[in-house]
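Below is one structure, written out as structure tokens; comments come after it.
The values are calculated or read from the model by the stated rules, or taken from the named source; none is laboratory data. A quick note: this is a predicted structure, and the numbers were derived from the prediction, not measured. Here the Cβ positions follow ideal geometry from the backbone for every residue, glycine too, while neighbour counts run over all protein chains shown. All accessible areas refer to the heavy atoms of the entire protein, side chains included, with ligands and DNA or RNA removed. Shrake-Rupley method; radii C 1.70, N 1.55, O 1.52, S 1.80 Å.
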Amino acid sequence: MPLLVTGTIGIDTVHTPTANAEEVSGGSCAYFAAAAAFHHSPIRIVGAVGGDWPEGHAHLLESIDGLCLEGLERRSESKTFAWGGRYFDNMNQRETLFTELGVLEEAPPEVPASYADSRLIFLANSHPSVQLDLLNKFPNRKLAVADTMDLWINIARDELLALFKEIDGLIINDSEATQLTDITNPITAARAIIEMGPSFVIVKKGEHGAVLVHADGIAALPAFPLEEEQVVDPTGAGDSFAGGFMGYVAAKGTMDFSTMQTGIAWGTVTASFTLGSFGLDGLVATSREALETRMQEFRQIARI
Ligand code: AMP
């Protein structure tokens, strides 16, 4: 079953306590797609970039097997989405230094006619109006899952609440779940979000793992334990988690609780490769064999 994703394709500048990376390949859609492509094909991208999108970034995406880039619009007169962030000493927390919306302030990208049979939709982090607009083009979808971020909770809350009424699942990190609900406990916050529309919520807790709250139960898994030197840049880990999760669910073709539970494990393992390098490099340098080996290690560590 083809999996379609929309979100940002961005130029990221990242500062960590020990290193800096300027203008690396990023964006929620790019991380998601690169991660999902390990598990399923095709991954159909709907997004837009500007004339300033570096050729090197294009080559990186083009090098990933299983990605369909037909829905990637290049707008020569526009600016690519750009984001800058700085991590604090423990690498669990970061601050956004700048967000330049660029193409996100323009009309949403067109969906190619060849994507019309997409049944699985992932709305990676983007303006909730763009997410909703895309969703409305797929009335026959089987599963729609979204992600969001502090910026949109702050500036587009009403649009976000409208989106929640249409999606099946939400993947969100713990601080954003709290920002949205004023509830610090992730399970209670997830239940409050379920009241807003989605039927399941996955709350990501960084190095403390993730928890799924679903009508059929709760599942919780730790993060894959990495040593200090293995955590180079956490940017995109959340999107990669979502890509691993959705890619696995798409490959299975079933959406029950147990599939989602295993999907969380694959999401966790896939995301762990993003942490090892800046930008998409960690994922691009990884093989399916390395992923499977790490999954076996994770099964032993988490006893699943
Ligand atoms: P994550 O670390 O999983 O939260 O994802 C970070 C990625 O999301 C970076 O590559 C950014 O380019 C992108 N990003 C940052 N802010 C936003 C935003 N407000 N909307 C969409 N994408 C964003």
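In table form, for the structure just shown:
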read-out	value
Share of carbon and sulfur in the accessible heavy-atom surface of the chain [1.4 Å probe, %]	47
Listed residues A219, A177, A124, most fluctuating in the chain (Gaussian network, C-alpha, under 10 Å)	A219
Local net charge near F81, Cβ-Cβ under 10 Å (Lys/Arg +1, Asp/Glu -1)	-2
Residues with amide H under 5 Å from that of G71, placed H, sequence gap 5 or more	I45
Label-point gap, in nm, between A107 and S63 - each point 7 angstrom along Cα→Cβ	3.5
Solvent-accessible area per residue, Å², over region 3-302 with all protein chains present [probe radius 1.4 Å]	41
Alpha carbon centroid spacing (whole Å) that separates region 156-185 from region 238-284	20
Gain in span if fully extended, E292 to M196, counting 0.36 nm per residue against the direct Cα distance	30.9 nm
The chain: DSSP helices with Cα axial extent of at least 24 Å and average Kyte-Doolittle hydropathy no lower than 0.0	257-274
Pairwise label distance in nanometres, I153 with R141, each label 7 Å out on the Cα-Cβ vector	2.1
Exposure rank, largest accessible area first [H15, H59, H39; 1.4 Å]	H59, H15, H39
Segment E22-T184, length gained on full extension (0.36 nm per residue, minus Cα span)	54.9 nm
Over 24 Å (Cα to Cα) - which of K142/K205; K142/K165; K137/K165; K142/K252; K79/K137 fall in this group	K142/K205; K79/K137
Theoretical gain in end-to-end length, R94 to E166 [0.36 nm per residue, Cα-Cα removed]	22.9 nm
Using θ = phi - 60° and Karplus 6.51 cos²θ - 1.76 cosθ + 1.60, couplings along region 199-210 (whole Hz; Gly, Pro as x)	8, 9, 9, 10, 9, 8, 10, x, 5, 9, x, 8
Cut-off 14 Å between beta-carbons: net charge of the residues surrounding F278, Lys and Arg +1, Asp and Glu -1	-3
Ranked by how many other beta carbons lie within 10 Å on average, peptides 165-171, 50-56 from highest	165-171, 50-56
Part-to-part distance (alpha-carbon centres) for region 104-136 and region 46-78, which is given in Å	16
